[in-house]
Structures are given as C-alpha cells and as structure tokens.
Amino acid sequence: MWRLLTALSVLLAPGAAGAVESAPVTSPRATVTVVSSVEAIAPGRPFRIALRQRLAPGWHTYWTNPGDAGAPPEMALALPEGASASDLAFPTPERIPYGPLVNFGYENEVLFLATVTPPAALQPGDRFALEASASWLVCEKICIPEEGVFRLDLPVEGTPRPAAASAEMIRAGEAALPRPSPFAVTVGFEGQGGAIALAGEALAPGSVREAYFFPADWGVLDHAAPQPMTLSDGVLTLSLARGVGPVPASVSGLVSIVDRGGVRSGYVVSAAPGPVPALPAAPGLPLWQAIAFAALGGLILNLMPCVFPILAMKAMGIARLSGAARGEIRAHAAAYTAGVVLSFLALGGLLVALKGAGMAAGWGFQFTSPVFVAALAWLMLAVGLNLSGVYAVSGPMGLGQGAASQGGKVGAFFTGALAVLVATPCTAPFMAAAIGAAVAMPPAATLAVFAALGVGMALPYVILGAAPGLARFLPRPGAWMERLRQGLAFPMYAAAVWLVWVLAQQGGADAVLAVLAGAVLLGFGLWALGQAQGSAGRGRRIGQGLAAAAVIGAVALLPRLDAASPPAGAATASVSILPDAEPWSPERVAALRAEGRPVFVNMTAAWCITCKVNERVALTTDAVQLAFAERNVAVLVGDWTRGDAAITALLRQHQRDGVPLYLYYPAGGGAPAILPQILTEGIVLDAIGAAKGPLVGAARGSTI
Amino acid sequence: MRLLTRRTTLAAGLALVAAAPREALAAPSLGAPAPDFALPDQDGTIRRLAEFRGKAVVLEWTNHDCPFVRKHYTSGNMQALQALAKERGVVWLSIASSPEGEQGHVTGGQARELTESRNATPAAVLLDPQSVAARAYAATVTPHMFVIDGAGILRYMGGIDSIRSTRVEDVPRAEPFLRDAMLAIAEGRAPAQAVTQPYGCVIKYFGA
C-alpha cells in the first residue's frame with residue numbers, strides 16, 4: 001500500500017524535467033525534495049537551492065549540533081564543470097526534549113539552503129543539470145537513516161528567471177536562517193556554571209519572551225539544562241550549565257530570541273570565554289527595599305505639583321474637620337486612605353493584567369490616552385469652578401457639603417482616588433527604581449509595592465486619624481474657609497492648563513482646539529447649572545437642560561481627540577533609525593503613489609526588538625540605502641508603540657497581530673508586496689527589484 | 001530581609017523545577033569512582049561493577065535496532081573491539097537500557113541469541129529495562145561508551161569513533177576513540193582523549 005502511495009506521489013509531483021522542484025523521496029516519515037529559486041539560470045549568476053524536508057508529525061531532523069543524540073543532514077552536489085556551491089545553511093533549530101535528554105533540530109517543514117554559482121561561460125540555450133545526493137537521519141523515538149538523489153535540470157537564459165512557485169518558500173527559508181548578531185556578546189564559565197550576555201539597546205525588561213543559546217559545539221553545555229534568562233536595560237543574560245566536553249577557545253553558536261510580539265529570530269554569536277558575565281541584581285531591588293522606597297515616595301508625592309490641586313481639596317476637608325468629633329476625623333481619614341490605597345491597587349492590578357496580556361504598558365500608561373487626559377483636564381476645570389462658587393455639588397465629591405455627613409466620607413474616598421489618578425505621572429522620575437522593580441516582580445509583590453505607595457501618600461491623614469487630638473491645632477472654622485476655598489480654585493485651573501499642555505504633545509493643535517472648545521462648553525454648562533441652582537421652577541429646568549446639552553456637546557468632542565494625530569516628525573525620530581523617513585499615514589502613501597514614487601512602509605514600535613534588528617542588519621545597509629536612493633523610494637515609518645488605531649487597521653488588513661510589518665508599494669501602482677517579519681538585505685533588495693541576480697544579496701547576507 | 005530575598009529565589013527555583021518537563025541527568029565525573037550498579041545479565045545472574053575490580057571495564061550502551069549500533073555490528077567493528085578487549089584482559093559489558101515495548105528492549109534469551117548470531121563476545125549483556133544504569137552514567141545515545149580502570153575510576157566517556165554517521169564505509173576512516181582509550185587504560189596510561197562526543201540514537205529512557 002505504502003509503495004503504491006510513494007509511486008503515486010512521484011507521479012503526481014511536479015518532478016518532470018524543467019520543474020523547479022525535484023521528484024520527491026518519500027517515506028512514511030519524510031517527504032524530501034530539492035527546490036530551485038529560479039526557473040531559468042543565467043551564466044555566472046548565483047541562485048539558491050534548498051533541501052526541503054516535510055516531516056510527519058512527531059518526527060524530526062537535526063541541526064549541525066544535534067544535541068544529545070542524532071546527526072545533521074548532509075548533501076553532496078554533482079555540478080557541471082566550472083560551477084560551485086556553498087555549504088548547506090542550517091536554519092535556527094528548536095529544542096526537542098525527549099525524556100531527560102534534549103535534541104536540537106526541526107519538526108514539520110524545514111529548508112536547508114545552498115547557493116549555486118554556475119560558470120560564466122554558459123550560453124543561453126544551454127541546460128544546467130545538477131544532482132544532489134543527500135542523506136539524513138529522521139527520528140521520533142526511533143531513528144531511521146534515509147537518503148536520496150535529487151535532480152534538477154534548468155534552462156540557461158540571458159537573465160535569471162525567478163520561480164513564482166518557489167520564491168515565497170525560499171524567502172521563508174532565508175528568514176528562518178540565523179542572522180549576524182547586532183549585540184555585543186560576552187561569555188564565561190566557572191566550575192559547572194556560566195553565563196552568556198548579549199548587550200544591545202533594543203534589549204529591555206519585557207522586550208523578550210524567550211531566549212536560548214544553542215552551542216555550535218557538543219560538550220560545551222549540558223543540552224538538557226534550562227537557561228534562566230535575566231533581562232535588564234540593554235543586557236540579556238542566560239545562565240548556562242557546563243557540559244562534559246572542554247571549553248573551546250571560541251564559544252560560538254546561535255542565540256534564538258522570541259520577542260514580545262512572538263517573532264523568533266536566531267543570531268550568530270561567538271566570543272572568547274572570559275570572566276562569567278555578571279547577572280544584573282536579580283529583580284532590581286529586594287522586595288522590602290522596594291516597599292520602603294514606595295512608601296517614602298508616596299509621602300513625597302504629597303509635595304508634588306501635580307498632586308497640589310488635590311491637596312487643596314484635601315486641605316478644605318481638613319479645615320472643615322476642625323472642631324469635629326474624633327470619630328468623624330477618624331472615619332474621614334480612613335475613607336481617604338482607602339481611596340488612595342485601593343486606587344493604587346487598581347492601577348497596579350491593571351498594569352499586571354496588561355503586562356500579562358503582552359501589552360506595552362508603562363507606568364502612567366493612562367496618560368498615553370488623549371481622551372483620558374482631556375477628560376481629566378475638564379474634571380480639573382469643573383472642580384475649580386465648583387471651588388470658585390460657580391455651582392454647588394451634592395454628589396459624591398461632597399465639596400460643598402457639611403463635613404460630618406455620610407457624603408463627607410464618600411467624598412474623602414473619591415478625593416483619594418482622584419489624587420492617585422493625577423499623581424501617577426509625577427511618580428515616574430522619583431519612583432522609577434521602585435516601580436521598575438515592582439513591575440518585574442511576581443504579581444503579588446507588585447501589588448504590595450503599589451499598596452505601600454498608597455499608604456505613604458495617605459500617611460499624613462493616617463497620622464491625623466490615629467491621633468485626632470492633633471486636629472485641635474487646626475484653626476477654628478470661620479469666614480476664612482470661604483476665602484481659602486475660592487483661592488484654592490486656582491491650583492485646579494493651573495492643573496487643567498498643564499493637562500492641556502500634555503495633550504498638545506500627544507494630539508497637536510487639533511486636540512488642543514477640541515479640549516479648549518470642550519472646556520468652554522463645560523464652563524457654560526456649569527454656569528447654567530449654577531444659575532439653575534439659584535432659581536426655581538421653569539428657570540431651574542431651563543438651566544439644567546442647558547447644562548446637560550453643554551456637557552453632551554463636550555463629550556461629543558472626545559472622538560475628535562482620539563483621531564488627532566501627533567505633531568509630525570516628533571515620534572518617528574525616536575522609534576526608527578531609518579534616515580529620511582517620514583511619518584506614515586494612509587494619505588501620505590496615497591499622495592506619494594500619485595506622484596509615481598515607490599513607497600516602503602516600516603511599521604515599528606519602540607519596544608520591538610525584531611524591528612530594530614531588521615533596521616540595523618537589513619534596512620540601513622549601504623546596498624539597501626543606495627537602492628532606495630537610486631529608485632527614489634519614499635520611506636514611511638509608522639509608530640505602533642502606543643497602538644495607533646490606523647496602524648492596527650493596516651496590520652489587520654495584512655493578517656498581522658503586531659509589528660513588524662513591511663510593505664513595498666511599487667512605482668507603477670498595484671498591490672503592495674508584504675515582506676517577511678525577519679529581513680535580510682537580500683530580501684529587501686529582492687522585494688524592491690534591486691537584486692543584482694536573483695537572491696544574490698540574500699546569499700551574501702546569510703552565511704552561517 | 002535577606003530571608004525574604006532568599007525565599008523569593010527559592011520559590012523561583014521551585015517553579016523552575018516544576019516547569020522542567022522531566023528530571024535532568026547529572027553526568028558522572030572523570031577521575032572519580034564510576035557509579036556502581038547491580039543488573040541481571042543474559043542468564044539472570046546479578047552483576048555488579050565492583051566485582052570486576054582489578055580489571056579495566058568497558059561499558060557499551062546498546063540497542064540492536066539502532067542504525068548507529070547496526071553500523072558497528074554489520075561492519076564487524078564492535079566484535080573486533082570485544083575480541084581485542086578479551087585479549088587484553090578488559091571486561092566488556094553491553095548494557096540494554098530500553099524499557100519493555102521500546103526499540104532495543106531485550107530479554108535474557110534474546111540477548112543470548114543476538115550475541116550468538118552476531119558472533120559478539122561481550123563478557124556479559126546487562127538488562128536495564130528501568131534505565132537505572134543509563135541514568136547513573138547520564139548515557140544519552142547508543143552506542144555510548146565508558147571505560148573504567150582497575151581501581152574503579154571512570155577514565156573515558158564518549159563516542160566509539162570520530163565519524164558520526166550510520167554508514168559502514170565510514171568505520172575504517174574514523175579515528176577509533178574507544179579503541180585508543182581502552183588500550184591506554186588497560187596499560188595504565190591516561191587516554192589521549194578522555195571525553196569525546198558520543199553519537200547515535202537517543203536512549204529510550206524508562207518513563208520518558
């Protein structure tokens with residue numbers, strides 16, 4: 001039966017002379033062919049071939065260092081006189097555990113590439129026949145050696161003719177090859193332990209999901225030992241366990257890195273062993289120190305300008321407490337503390353959840369949303385207008401109400417919550433170490449640090465609550481309270497101005513216009529509300545109606561804020577190292593195409609390691625920059641650091657969940673070419689039609 | 001405070017162990033006493049490493065259906081090495097560590113039959129279906145070779161030779177690591193290469 005299937009597959013395979021894929025050698029374990037990147041070769045012009053293995057589920061073949069068992073495939077080429085070929089290039093392998101052992105190899109489908117250079121003396125009309133004798137070991141639990149002879153017979157033409165059928169496959173094969181490392185590598189061993197460290201600016205906590213060092217030589221490492229990863233700013237360190245063989249004079253291999261977007265790349269690394277690279281102090285700070293710093297930082301937060309308006313509100317609350325009963329003071333302080341601590345816990349929990357979902361959430365992340373900033377500016381204005389006496393509130397803010405009422409406690413709680421929301425950006429410069437440590441800790445520790453931050457911030461009120469006698473020293477209530485209240489409105493207006501400035505950075509002039517127009521509407525609405533509060537019957541209803549309409553009008557402005565684009569040039573400079581790049585927008589793409597220029601689109605993000613490496617090893621090389629210049633290619637960079645909606649839509653359109661995304665819109669119109677997420681110089685040159693011969697650049701860029 | 005940090009580290013360590021799919025192997029040390037074992041041979045007699053004290057011992061991990069093992073039996077290389085061992089007074093122990101139902105598992109009768117049919121001359125074939133000895137030596141492949149001196153000290157571990165293929169024609173071309181090490185150790189000399197890369201089929205560990 002099986003023989004029949006094999007015979008059928010040979011018959012059905014596109015293996016006839018002239019095809020770009022040889023007849024297959026088939027077993028129940030593997031279907032193997034040799035594939036060419038071109039349908040027709042040209043004299044002296046190198047082209048790619050690949051030994052292609054499609055493996056049955058559970059079966060695998062091996063990398064050059066097969067790990068604890070196995071052997072890599074071999075291929076010998078019989079070529080026409082004068083032709084030459086490179087060695088097989090092996091893609092980045094996977095760890096394949098079996099029992100207590102670990103092998104390095106490949107499952108499912110794998111391509112081993114070689115570059116063939118035909119002689120220059122060939123003439124168009126000749127034929128170029130090559131014969132590849134390959135042998136490979138394919139293993140599940142048991143191992144079967146297999147072998148085969150594969151033939152390709154290709155016509156010779158004036159210029160190489162790329163093969164449509166195999167171009168995509170070969171390109172994917174090239175993308176799976178390891179790339180030169182852009183990192184500074186150090187490695188060292190002591191006794192049975194050791195470490196390898198990669199230094200590079202793209203590396204940062206959270207930027208890498210997984211990393212693993214595949215040693216080129218057997219015996220250097222214990223292949224089955226886990227390699228715990230430590231990430232600090234700019235340095236990735238893997239702890240290593242020694243194997244039983246000697247340490248070579250140069251430790252080489254591949255480091256495979258899965259970035260936060262889930263893209264896996266291999267980097268060729270090599271270093272002479274030296275002292276063991278130091279592990280960065282494990283989680284930055286020990287937990288107790290992080291908690292102590294957090295509490296201290298929280299206390300200092302009370303003096304920060306951005307909390308000042310909230311302090312003003314709090315001062316009002318305290319002033320009203322003068323002369324109040326001890327129980328009330330205590331309840332008030334407890335409510336405020338609860339508001340602060342619970343809000344910090346909520347923020348910390350959200351941060352942990354976002355991190356868990358693999359999102360790029362930094363501290364103060366709520367400030368990256370223009371809608372949030374605008375709403376906060378309006379809230380500050382509304383509180384200010386209340387303090388100025390434009391209108392009165394009987395809701396949860398409790399600002400105009402008696403301190404002894406139940407509303408006072410609820411008010412104190414929400415005052416605490418608001419203080420936290422506003423204070424977070426101020427924490428960044430002072431709290432960076434503690435928060436950095438907290439975010440890298442397990443979730444429970446993270447939350448403990450955030451709770452400490454809250455306790456610190458609420459500390460003055462905790463003390464007041466614990467020793468209510470202190471309230472005696474507060475001045476007696478009187479007319480001064482009203483003046484204080486009105487005076488405290490101005491810090492609120494100042495806070496609103498600061499928030500508008502923040503918004504200007506994010507959304508430019510359009511956003512500022514929207515937020516100020518909203519402020520006028522809100523001011524009008526609250527004034528109308530105040531007038532209504534002073535009258536009765538019909539006038540009251542008219543005032544309330546006007547107020548509601550004004551607030552609705554202001555809310556209707558929010559979507560405009562979301563759509564407002566950041567000032568041109570501001571973001572792209574930091575997120576990409578591509579020279580002469582402009583910020584991406586669909587309109588700009590359309591305009592450039594209307595001018596007849598080819599357009600290269602680079603969608604990237606500040607935290608995307610793969611993007612940065614691609615820029616360094618493929619997009620900013622002299623050959624690519626020259627090719628861009630020669631063809632007058634416009635380069636547009638999109639910054640997805642903050643998850644821009646238009647870019648997200650473009651990603652979805654191309655079935656991508658994240659960056660990198662590279663598109664090339666050719667000059668003559670038509671659909672864009674989608675480049676792989678992992679680029680080599682050759683892939684880029686090929687895509688923009690600048691390759692000297694088919695894939696010659698790629699051949700150069702990917703020697704192992 | 002220190003305690004807290006240490007506890008965190010400990011917790012992280014425990015998590016790692018839990019995450020690791022199976023227990024890892026610790027390789028034995030060269031120059032240290034070789035791990036002892038007690039395994040039944042092809043006739044059911046329990047054999048210990050300690051009983052061969054005073055003689056050099058070769059351990060050969062085997063799986064008769066593994067293509068790498070077959071390469072060395074088909075070519076007659078393994079039999080020649082066993083004969084050489086006998087001639088030099090070296091004890092040759094073949095160890096089958098495959099559990100029942102896995103490739104390479106043998107009963108005593110099958111072991112006797114294989115020895116007979118292949119004209120092999122090991123001092124004994126040891127049956128290790130629980131992979132206990134394989135774990136003790138961190139044996140990874142078949143054939144994985146170890147040489148122990150007369151004092152019971154581990155002196156060589158690694159491959160049988162230098163060409164890691166399944167092709168019979170590679171046997172005469174390869175550097176005979178095991179042969180060189182065995183002869184040196186039998187004469188009380190240190191082998192030129194005490195550790196080499198073993199190659200072959202993965203050992204079918206019990207419970208893997």
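A compact table of results
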item: Size of electric dipole in the stretch A:159-291: Cβ of Lys, Arg +1 and of Asp, Glu -1, about Cα centre, debye, nearest 20; result: 260
item: Sequence-distant residues sharing a close amide H with A:Asn302 (under 5 Å, placed H); result: none
item: Beta bridges per DSSP with both ends in the stretch A:572-679, % antiparallel, nearest 5; result: 50
item: For the stretch A:124-196, convex hull volume per residue from C-alpha positions, Å³; result: 218
item: Contact order normalised by residue count of the stretch A:184-271, Cα under 8 Å, 6+ apart, percent; result: 33
item: Computed helical MRE - 222 nm, chain B, DSSP H runs ≥ 4 contributing -39500 (n - 2.57), nearest 500; result: -9000 deg cm²/dmol
item: Cut-off under 5 Å, modelled amide H: who pairs with A:Gly638 long-range; result: A:Trp584, A:Asn602, A:Met603, A:Thr604
item: R0 of 60 Å, Cβ-Cβ distance A:Arg538-A:Ala591: FRET efficiency to nearest 0.05; result: 0.60
item: Principal-axis tilt of helix B:2-19 within chain B, Cα atoms, nearest 10 degrees; result: 40
item: Separation of alpha-carbon centers, the stretch A:96-135 and the stretch A:177-191, rounded to whole Å; result: 27
item: Electrostatic dipole magnitude of the stretch A:583-674 [Cβ: Lys, Arg +1; Asp, Glu -1; Cα centre; debye, to 20]; result: 100
item: Unit charges at the beta carbon, dipole of the stretch B:89-143: most positive-side option, B:Ala96, B:Ala139, B:Gly108; result: B:Ala139
item: Straight-distance crosslink candidates among aspartates and glutamates, where the alpha carbon sits under 16 Å from B:Lys55 and sequence neighbours closer than 8 are dropped; result: B:Asp36, B:Glu87, B:Asp149, B:Glu187
item: Exposure proxy order (Cβ contacts within 10 Å, fewest to most) of A:Trp136, A:Trp498; result: A:Trp498, A:Trp136
item: Volume in Å³ per residue [convex hull over Cα atoms, computed for the stretch A:572-679]; result: 92
item: Overall form of the stretch B:26-202 per C-alpha gyration tensor (a/c, 1.5; a/b vs b/c); result: rounded
item: Using distinct alpha-carbon pairs, which all enter the 1/r mean, Kirkwood radius of the stretch A:2-176 in Å; result: 16.7
item: Convex hull (Cα only) mean projected area of the stretch A:184-271, reported in nm² to one decimal; result: 5.2
item: Karplus (6.51, -1.76, 1.60) ³J(HN,Hα), θ = phi - 60°, over the stretch A:449-457, in Hz, Gly and Pro reported as x; result: 5, 5, 4, 4, 4, x, 4, x, 5
item: Farthest toward positive dipole pole in the stretch A:572-679 [+1 Lys/Arg, -1 Asp/Glu at C-beta], among A:Ala591, A:Leu619, A:Thr648; result: A:Thr648
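No value in this document is a laboratory result; all are computed from the given coordinates. What you are looking at is a predicted structure, and each value in this text was computed from that prediction instead of being measured. Using ideal geometry, Cβ is built from the backbone for each residue, glycine included, and neighbour counts are taken over all protein chains shown.
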